C-alpha cells in the first residue's frame, strides 16, 4: 500500500513540475534568433558564454531548437525590453529567463516527458525520467526546498549538451564518476548533508572508486560494461542501495556469485551482503589471499581460533585451492619444457585448461561457504592436473630416450667417419709405396 501511495505521489510531483513550464511545445522555428547574436557580443562571460557554447556542438541546436524553447522571449527583435517581455506576444513567447530548481526539471520534462515529441526527435528515449527523478534522493530534496541538489543541467549541462553516447558527454560511461564527484567529493558542498544515522555524508567515494577493479576495467581496459556510479545507484532515480538490495545489485553482473551467496550461511548473517568482504566503492581485485583465517585474510575478520568451524572451513578451502594451483603450475612448467623440445602436447594443454577452469569454479563455489562442495571441484581439478603431470613425465622420458638415441647415433656415425678416415690413410700409404 505504501508503495502505491509513493508511486502516486511521485507521479503527481512529476506532473506538477511539467505544469510549471510554459504551455505546449511548438516545433523548432526557422525565424531569426537575435538571442544568440546579441548575447555572443556581451562582455559579461556569464551572459555570453552560453550563447557561444550553444553555437558549438549541441544536440538540441542540431535538432532545430533555439533559445526560446527553454528561455522563452522574443527572438525576432534586438530590443532588450521587447525580447525580455515577460508577457510576450503569446504565453509561449513570455520570457522565462534562466530556469532554476524545479523549473529546470519542468523545462526539460516539457519535451522529454512528451511521448509524441520524443517520437519525432528521439523515439528510443524513455519519457519517464521526470517521474523517476521525483523518486530519487535529489528529487525528494528538491521538492522539500533544497535547491542545491543536482538537476538535469547539473549532470547533462545546460548548453552544449551532447548525446549520452558521445565520449565527451559528462554522462558518458567513463565520465560519470567525475561528474558525480563534482558535487559528492566537494566537502564544503556536502557538509550539511547527513546519513540516516546522523553521521556526516562521506566525500571519499570517488577516491575509493579510483582504487577499484571496476575503475581500472572502465578507464584503463576500456571496458564500457564495467560499473560506474549510476550502474549501482541509478541515474535519474538515484538512491543509495538499501542493505537488502546490495547483493541483488552486485548480482546484476556477478550472477553466479550472487546465486552461490544466496544459498550460504552468510546470506542470513551479513547485513550488507557482498560489501562485507569486498567493500562498495574501493572494490579491489579479488585474490586467493582474501580466503583464510590468518594474516590479512578477510575471513579472519570474523573467524579465528582452532575451534572455530568457519576458520577451519576457510583454511580447508584455501589449502585445496593452493594445492590445485601448485599442481597446475608444475604441469604447466613440465609441458613447456617438452613442448620446446618438439614433443606434441596439445591434448595435455587442453586438459590443463580444464583444470584451470576447475580452479575458477572452486573460487566461485567458495561463495556458498560449503567446503565440501569446493573440495569436490578441487579434486576433479587435481585429478586432471595429476593426469597431465603423468603424461608430461612420460613425455620427459621420451625426450630422454630420444636424446640417448641421438647420442648413440652420433657416436656410431662418428666411429664410421673415423674408420673411413683411417681406411683412406691406409690406402694413401699403399699408393705412396
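The numbers here are math on the coordinates, done by the rules we state, and not lab data. Please read all numbers here as calculations on a predicted model, not as lab measurements. Glycine gets a Cβ as well: all are built from the backbone with ideal geometry, and neighbour counts include every protein chain shown.
Structure summary
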{"quantity": "Semi-axis lengths, Å, the chain, gyration tensor of Cα atoms, sqrt of 5 times eigenvalues", "calculated": "69, 34, 17"}
{"quantity": "Sorted by Cβ density within 10 Å, fewest first, the residues 417, 239", "calculated": "417, 239"}
{"quantity": "Segment 237-303: Cα Rg divided by the 2.2 N^0.38 Å rule of thumb", "calculated": "1.15"}
{"quantity": "Inter-label distance for residue 259 and residue 427, nm, one decimal - labels placed 7 Å from Cα along Cα-to-Cβ", "calculated": "8.0"}
{"quantity": "Average Cα contact separation per residue, segment 259-358, under 8 Å, 6 or more apart, as relative contact order %", "calculated": "13"}
{"quantity": "Overall dimensions of segment 309-405 by Cα: Rg and Dmax, Å", "calculated": "15.9, 57"}
{"quantity": "Of 369, 314, 306, the one that fluctuates the most in a GNM where the chain has Cα springs shorter than 10 Å", "calculated": "306"}
{"quantity": "Taking 334, 415, 399 and counting other C-beta atoms within 10 Å, the order from fewest to most", "calculated": "415, 399, 334"}
{"quantity": "Inter-probe distance in nm under a simple model that places probes 7 Å from Cα toward Cβ, at residue 398 and residue 309", "calculated": "5.0"}
{"quantity": "Mean separation of Cα contacts under 8 Å, 6 or more apart, over the residue count of the chain: relative contact order %", "calculated": "9"}
{"quantity": "Cα gyration tensor, segment 192-270 - rounded (a/c under 1.5), prolate or oblate", "calculated": "oblate"}
{"quantity": "Over segment 333-433, relative contact order from alpha-carbon pairs under 8 Å, at least 6 apart, %", "calculated": "30"}
{"quantity": "Computed FRET value (nearest 0.05) for residue 87 with residue 174, which takes r as the C-beta separation and R₀ as 51 Å", "calculated": "0.65"}
{"quantity": "Pairwise label distance in nanometres, residue 45 with residue 413, each label 7 Å out on the Cα-Cβ vector", "calculated": "8.2"}
{"quantity": "Potential lengthening between residue 192 and residue 63 on full extension [0.36 nm per residue; Cα-Cα distance subtracted]", "calculated": "42.4 nm"}
{"quantity": "Per-peptide average of other Cβ atoms within 10 Å, ordering 296-303, 357-364 highest first", "calculated": "357-364, 296-303"}
{"quantity": "Relative intensity, log₁₀ I(q)/I(0), of segment 163-238 from a Debye sum that treats every alpha carbon as a point, q = 0.21, 0.22, 0.26 Å⁻¹", "calculated": "-0.99, -1.06, -1.29"}
{"quantity": "Net lengthening on full extension, residue 199/residue 330 (0.36 nm per residue, minus Cα-Cα)", "calculated": "41.9 nm"}
{"quantity": "Förster-model FRET efficiency, 30 Å R0, residue 223 and residue 116, C-beta, rounded to 0.05", "calculated": "0.20"}
